[in-house]
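Structure first, then comments.
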Amino acid sequence: MSALQVTWLREVRTFRRSFTGTLPIALFLAVVGWTFVMSLRKSDGGVLQLQTIWGVSVSPWIPVLCSVLTMRLFAEERATGMIDLLLVIPMRERTLVFGKFLSALTMTVFAVSLSSLLPLVIVPWLSPSLKSALHPTAFAMTGIILLLQSSLWCAVGTMVSVFFRNQTMAAVVSILLCGGIPLAFYAVILVWLPELRLNATWMPLITNVYDFSTGLVSTYAIAFYLVMTGLSLFICSKTLALLRLRS
Amino acid sequence: MLEVKNITFSYNTQETLGNITFDAAPGEILAVVGANGAGKTTLLRLLACLLMQDSGNTLIDGVDSLTRPIAYRAKIGYLSERCPLYDEMTVEEYLTYRLRLKGERQFRVRRRLDEVITQCRLDDHRKTMIRLLSFGFRKRVGMAEALTAHPPVLLLDDPLAGLDLPQRKQTAEVLTSVSGRSAIILAGHEISFLLEWCTRFLVLHRGRLVGSYRVNDYEKDLLQHKIEQQMIHGREEGHQL
């Protein structure tokens, strides 16, 4: 078993055993369920497809879930001093970072997969007439964009966790970084540059979900998510390496 | 064999360690002593690759910590002063996890685990959750972890702190038994107790190495007096540095 697998396995077990792993997922599912039902009612008779409604119900909550799941990854190790024992192990920092990132991503994917039961199982069961509206391929495409978004937010959360010893602080900064900055950016555009409003679509990340769920796959969007995920993980492993230079 | 050549280290602009040179071979138990703030922990953290020296080299069996850090780290076992552990794991789970993380082959993990648990007298606590252990047993688990992969160099930061006399004696026995295959460098304050089983003393005073003594070359009372004087004044009584 490689160091990457060992790290991943240990973190996944910790998530399963602790409240910081199970409680956020339970809350996430509850909130997503509520958002989904509300969106379904709102779009009754509209043009939105079931997979799109599911996608836009899940997408805004993923940053919050990822921030809470990733907050303890490095902050806890730094607070307890365990980080010293991890840095003494003969493995590269990036192996450690990637193992922890993958564990948070696994939990997020698990939560998002559970949320897919809403449209796939519950809706056809409650109203068989909607069964014809289910398109497995379109659901798979929505799943891909949600996976890409999950990996980005998990990477950002993992990166932020390295900078803090306090888990709550890490989660708050992570949520601000994931949600606050895009919202502030949009607000600035509305106030100072209203002519750009049409170019800067409302929450481009949600727009990506709309596009993917209707079959409009953009390689630009895929590249953006992959590059930003890689960049966040790179910053994370370099920061960890720099810890050696400091007291 | 561990070779430390002229290492210096500064926190910001303040020099914490200056021009430290020494070596240690398997069979030696080397005690690094000094007053609080003398630089003992900093020296051990440098040797464990947790800090990077400003100048100088550290080598284990010819492997340099700066040019081949991963190969270097594979040759050390480290016990930190705070002895952090994962509280939610059992002793066996934790040691297995650390062995696997160190890249130990699957077929060897069980053997190494049994060996180190017996060596550190943790048999009765194999399945105990770490959060339920007393401080003394937590230290033993930390030491067992440092010993697991049979490293040629063991770095132990204050392994006796907070232990009662029987536990100290047990720790000394364990370290003496493994000293045949590993060079042991430990930081500590309890000179009279360390004199019983350590083979060499390095005395640090304000980041400088002011004395190096082989225990067999001196009478114990005289050596203890010399070391205590150097710890306090940085020199022996009546001598100018």
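Values as computed for the structure displayed
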| quantity | calculated |
| --- | --- |
| Residue list for region A:10-27, filter: facing chain B (nearest Cβ under 9 Å) and either in contact with a strand residue (DSSP E or B) (Cβ under 8 Å, 6 or more places away or on another chain) or more than 14 Å from B:Glu88 (Cβ to Cβ) (or both) | none |
| For B:Arg208: the one exception among (1) touching a residue at least 40 places away in the same chain (Cβ under 8 Å); (2) at negative phi; (3) within 17 Å of the chain's Cα centre (by Cα) | (3) |
| Conditions (1) more than 10 Å from chain A (Cβ to nearest Cβ); (2) within 20 Å of the chain's Cα centre (by Cα); number of the one not met by B:Thr13 | (2) |
| Verdict on A:Val12 being assigned to a helix (DSSP H, G or I), of a type outside the set (D, E, K, R) and at pLDDT 90 or above | yes |
| Per-region count, region A:103-113, residues surrounded by fewer than 21 Cβ atoms within 10 Å (Cβ to Cβ) and not β-branched (Val, Ile, Thr) | 2 |
| Check on A:Ser103, within 24 Å of A:Cys236 (Cα to Cα), more than 10 Å from chain B (Cβ to nearest Cβ) and part of a helix (DSSP H, G or I) | yes |
| Filter pass, A:Val31 being within 24 Å of A:Met169 (Cβ to Cβ), in contact (Cβ under 8 Å) with a residue 40 or more places away in the chain and among the aliphatic types (A, V, I, L, M) | no |
| Which listed residue is part of a helix (DSSP H, G or I), away from chain B (no Cβ under 14 Å), within 19 Å of the chain's Cα centre (by Cα) and closer than 17 Å to A:Leu117 by Cβ, from A:Val37, A:Val32, A:Val68 | A:Val32 |
| Tally, over region B:141-165, of residues that are under 8 Å from the mean Cα position of the chain (by Cα) and either under 16 Å from B:Gly180 (Cα atoms) or more than 11 Å from every other protein chain (Cβ to nearest Cβ) (or both) | 5 |
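Residues checked against (1) of a type outside the set (Gly, Ala, Ser); (2) closer than 29 Å to A:Ser218 by Cβ; (3) buried (at least 16 other Cβ atoms within 10 Å of the Cβ):
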| position | (1), (2), (3) |
| --- | --- |
| A:Val97 | yes, yes, yes |
| A:Ser115 | no, yes, yes |
| A:Trp125 | yes, no, no |
| A:Ile144 | yes, yes, no |
| A:Ser150 | no, yes, yes |
| A:Val162 | yes, no, yes |
| A:Val172 | yes, no, yes |
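The values are calculated or read from the model by the stated rules, or taken from the named source; none is laboratory data. In this text the structure is predicted, and so the values were computed from the model without any measurement. Using ideal geometry, Cβ is built from the backbone for each residue, glycine included, and neighbour counts are taken over all protein chains shown.
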